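Engineer: Here's a structure for you.
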Amino acid sequence: MKMAQITLSYDAKNSLAKKTLAYILSLGIFKKVESSAIDLSLEEVKKGKTTTYKSVDDFFKNLEK
């Protein structure tokens, strides 16, 4: 049996959204899937949140700023 996956986007500060998700999860029909570290890293690359340096020396020079 193949499981379908749903991705939700919501305002994490919205208490109604959080309560609704908690209720849905409490039914036991659905389960929350945590993203792995590699998935989060790949998502950061897609969003352009990474920095590239020409050398290690350039990296350390940037740390000194």
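The values are calculated or read from the model by the stated rules, or taken from the named source; none is laboratory data. This structure is a prediction, so every number in the text was calculated from the model and none was measured. Please note: Cβ atoms are built from the backbone with ideal geometry, for glycine as well, and neighbour counts cover all protein chains shown. Areas reflect the complete protein model, heavy atoms only, side chains present, ligands, DNA and RNA absent. Shrake-Rupley method; radii C 1.70, N 1.55, O 1.52, S 1.80 Å.
Engineer: With Rg/Rh (Cα atoms, Kirkwood Rh) in mind, check (i) 1.20; (ii) 0.98; (iii) 1.26 and report the label derived from this structure.
Structural biologist: Only one option fits the structure, namely (i).
Engineer: About the Cα centre, and with charges only on the beta carbon of Lys, Arg (+1) and Asp, Glu (-1), how big is the dipole of the chain? Nearest 20 debye, please. Before the final figure, lay out each step's value.
Structural biologist: Details: 12 positive and 8 negative charges, 64 e Å.
In debye, rounded to 20, the chain gives about 300.
Engineer: Mind checking which lysines have their Cα closer than 22 Å to the Cα of Lys46? Skip sequence neighbours fewer than 8 apart in that chain.
Structural biologist: Lys54
Engineer: What is the helix-to-structure angle for 15-26, meaning the angle in degrees between its Cα long axis and the longest Cα principal axis of the chain, kept from 0 to 90 and rounded to the nearest 10?
Structural biologist: That works out to roughly 70 degrees.
Engineer: Given labels modelled 7 Å from the Cα in the Cβ direction, how far is it in nm from Glu44 to Asp57?
Structural biologist: Placing both labels 7 Å beyond Cα along the Cβ direction yields 2.6 nm.
Engineer: Next question, about the same structure. Could you state the accessible area per residue of the chain in Å², with a 1.4 Å probe and every protein chain left in place? Provide the component values of the computation, followed by the final result.
Structural biologist: Working: 6790 Å² over 65 residues.
Here the residues of the chain average 104 Å² of exposed surface.
Engineer: How much of the accessible area of the stretch 13-63, probe 1.4 Å, is carbon plus sulfur, in whole percent?
Structural biologist: Values: 2860 of 4900 Å².
Of all accessible area on the stretch 13-63, carbon and sulfur atoms account for 58 percent.
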